[in-house]
Structures are given as structure tokens and as C-alpha cells.
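S.K.: Below you'll find the structure I mean.
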Amino acid sequence: MRIDVFTIFPALVDGFCRESLLGRARSTGRLDLRCHDLRDHATDVHRTVDDTPFGGGAGMVLRPDVLAAALDSVADGRPMLALTPRGTPLTQARVRDLAAGPGAILLCGRFEGFDERIFEARDLEPISVGDYVLSGGELGAMVLLDACVRLLPGVMGAASSGEEESFEAGLLEYPHYTRPVIWEGRAIPEVLRSGDHAKIAAWRKAKAAEETRLRRPDLIERHGDARRPSPSGAQREKNKDE
């Protein structure tokens, strides 16, 4: 997978991506990450990438000519994504789609955002990582990178590591427990110590549905009950007799 990231702080993204699973993916050649300074595509001696907004208002806006030059320098058919709070919310289904492809080109927003004409002139998909505002798109790009790269074959180790996590089946993940068996008077649920794998699987499925209804009822409304197959294809196809 090749990922190109355009930002005015390339060292910020590059440094983060040298650690943990991202660092492992890079060192083993599963991830080809290239961090570019957006200022390299400016046309003036001051390497200007932004200007004041027409119509007035605070802040600065990223120039469309600079953005287009950056995107065009690496465009090869991979998806081009712009990290912005005005974008479509990032989902696990979209993450899996990206992880299954050849990579992506990420454009990090800054200041007041992008000149809107860049979305009209280039096939650029706006993506948001949440309903809040950050100081720039770099953190959003790192979130997207981490979510995608951990799904690449061999990065997490066991192929099944990502199949039962939150959002994979449209639900939150079930609760986890480890040693000690009793801690501050609280014991691990007996079913998890029973050795009965069928009962454990049923308990986990019920708990996942219960936790989702309690914490994220919007997911229940969006994806249906706990037996519905994963929207990202991670869960096995349900039994035809159900």
C-alpha cells in the first residue's frame, strides 16, 4: 500500500508513523508512506500556501492552485481524500475498502480549510474523523492511516485480530477481562471461565448488542440487530437457516 500525505507539517505525520504497527508496516515494506510538504508546490519565494478569504472573515484559506499542483504531482488513480470537519464521517466499512486497495492520497486541511473549488476541479473526497474541530488535518490523516494499515495482511499478526472489534459487525465490541480473577471484590463472569466456547460466544454476542443499545443506539438503528452480517465484510455470512 502506498500512501502520499500532503501537509505543511510533514515531520509531524512521518514521526508518528515510525512507531507501533505503522512503523512495523513500513519496516517490512507493507506500507510505502511518503510525507510531502505542501509548501513545495507554492509558486512564490515565500512558499505561500494560503490567502485571506473573499467576503471577509477571520483566518486564512488554502489556495486551490497549490492544492491542485500537489495532488497532480502524485495522482495515479488512487483515492484522493481531504481531511476536513465538513467531510463524510469515516467508518470501518470505508476503512476496509481503502485497506483492500492500492493506497490513497491524503490532503491535510489547515487554517479555515480548503478553497471550495478544489473539490469541483479534482476527484477529491472530503473525510471527517469526528464531529469536532482540530487545529489541522494531520491528526485526522494519522487516524485514517492507523485504521487502514492495521488491516493489512500480516501487520497485526493473527488474521482474525480485527474481526470481532467495535464497528466490524455494526456493533460495539463485547467487554474483556483478564487476571486477576477477583479484583477489588469484582469477579470475572463465570461463563468466561467455563471453557464452553458456544456459551462464551453467545454471551459475547449478547453483551455486544447490550453495550451498543446502551452506549450507541444509533448503531442499532443503522445496522439492525446483532445477527446482521458486517457492513465491511469482516464477519462471516450468517447461517442460511437463521
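The values are calculated or read from the model by the stated rules, or taken from the named source; none is laboratory data. In this text the structure is predicted, and so the values were computed from the model without any measurement. Ideal geometry is used to build each Cβ from the backbone, glycine not excepted, and the neighbour counts take in all protein chains shown. We work out accessible area using only protein heavy atoms, side chains counted, and drop any ligands, DNA or RNA first. Shrake-Rupley method; radii C 1.70, N 1.55, O 1.52, S 1.80 Å.
S.K.: List the extent of the Cα atoms of the chain along each of their three principal axes, largest first, rounded to whole Å.
M.R.: Principal axes ranked by extent give 70, 44, 41 Å for the Cα atoms.
S.K.: Using only protein heavy atoms and a 1.4 Å probe, report how much of TYR174 is accessible, in Å² to the nearest 10.
M.R.: 30
S.K.: Out of ASP218, ASP40, ASP50, any idea which swings most in a Gaussian network model of the chain, alpha carbons joined below 10 Å?
M.R.: ASP218
S.K.: Which values of log₁₀ I(q)/I(0), to two decimal places, follow from the Debye formula for the range 1-91 at q = 0.13, 0.17, 0.22, 0.26 Å⁻¹ with a uniform point scatterer at every Cα?
M.R.: -0.56, -0.90, -1.25, -1.37
S.K.: Within 12 Å, Cβ to Cβ, of ILE3, how many net charges do the neighbouring residues add up to if Lys/Arg are +1 and Asp/Glu are -1?
M.R.: Here the charged neighbours net out to +1.
S.K.: Relative to the Cα centre, what is the charge dipole magnitude of the chain, using +1 at the beta carbon of each Lys and Arg, -1 at the beta carbon of each Asp and Glu, and rounding to the nearest 20 debye?
M.R.: Using only the charged Cβ atoms, the result is roughly 1000 debye.
S.K.: Separate question: Could you run the Debye sum over the Cα atoms of the range 52-142, one equal point scatterer each and no solvent, and tell me log10 of I(q)/I(0) at q = 0.13, 0.17, 0.19 Å⁻¹, two decimals?
M.R.: Values, matching the q order: -0.43, -0.73, -0.91.
S.K.: When Lys and Arg each count +1 and Asp and Glu each count -1, what net charge do the other residues less than 12 Å away from TYR177, Cβ to Cβ, add up to?
M.R.: Summing Lys/Arg as +1 and Asp/Glu as -1 gives +4.
S.K.: Here is a follow-up. Just going by the charge dipole of the chain, with Lys and Arg at +1 and Asp and Glu at -1 on Cβ, which of VAL129, THR84, TRP203 is farthest out on the positive end?
M.R.: TRP203
S.K.: Measure off, as a whole percent, the carbon and sulfur share of the 1.4 Å-probe accessible area of the range 16-126, all protein chains present.
M.R.: 49
S.K.: Keeping every protein chain present and rolling a 1.4 Å probe, give me the accessible area per residue for the chain in Å².
M.R.: 58
S.K.: Tilt of helix 138-149 relative to the longest C-alpha principal axis of the chain, in degrees (0 to 90, nearest 10)?
M.R.: Its long axis makes an angle of about 50 degrees.
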